[in-house]
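The values are calculated or read from the model by the stated rules, or taken from the named source; none is laboratory data. What you see is a predicted model; the values in this text were computed from it and never measured. Counting neighbours? That spans all protein chains shown, and the Cβs are built from the backbone with ideal geometry, glycine included.
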Amino acid sequence: MAGSESQEMYLKTILLLRLGNQTSRSVDVANELGYSKASVSRAVSLLKSEKLVEVIEGGEIVFTKKGKEKALSVLERYKVLVKILKKLGLDEVEADDEACKLEHVIGDELYVKLKEFSEREDG
C-alpha cells in the first residue's frame, strides 16, 4: 500500500474525521467511505504495519507523527487542487470530485508549480 491512492484516501478520511471532532474507528471510516468494515480493517492493518497509524483502546485510529505528516500533506494537495479547479469555473461538487482523482496522480513537481500558481493568484 506504500504511497498508494488507497493509502492516501484512508489517511485523508481519518484526518477529516478527526478534524471534524468525530471518532475515527474502523466502523467510522467504513461508514464515511461506504466500504465494509472488513476492508477498512485490512487497510488499517497495512497502515499500522507502515507505522502510519496506531489503534488505541476503544478502537480509535490515531496517527503516528509520520502518519499525521503524510495525511496533512495529502489534505493540503487536495485543498490546493480544489481551489484551482474552482477558480477555473468548476462548481464545488465537480471540483471536489476531480481533485480527489488528481491528487493521487500528479507528480510532486507539478503540484509545487500548481501551489505556487495558486498562491500568486491570491496575492
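His104 falls short on exactly one of the conditions (1) in a loop (DSSP other than H, G, I, E, B); (2) free of Cβ contacts under 8 Å to residues at least 40 places away in the same chain, and that condition is (2). Scanning segment 46-59 for residues that are surrounded by 14 or more Cβ atoms within 10 Å (Cβ to Cβ) and either modelled with pLDDT of 95 or more or touching a Leu at 6+ places or on another chain (Cβ under 6 Å) (or both) gives Leu46, Leu47, Lys48, Glu50, Leu52, Val53, Glu54, Val55. Looking at Leu75, is it more than 16 Å from Leu16 (Cα to Cα), among the hydrophobic types (A, V, I, L, M, F, W, C) and not assigned by the TED database to the domain that holds Met9? No. Scanning segment 61-75 for residues that are farther than 18 Å from Asp108 by Cβ and aliphatic (A, V, I, L, M) yields Ile61, Val62. Across segment 10-31, the number of residues qualifying as among the β-branched types (Val, Ile, Thr) and in a strand (DSSP E or B) comes to 0.
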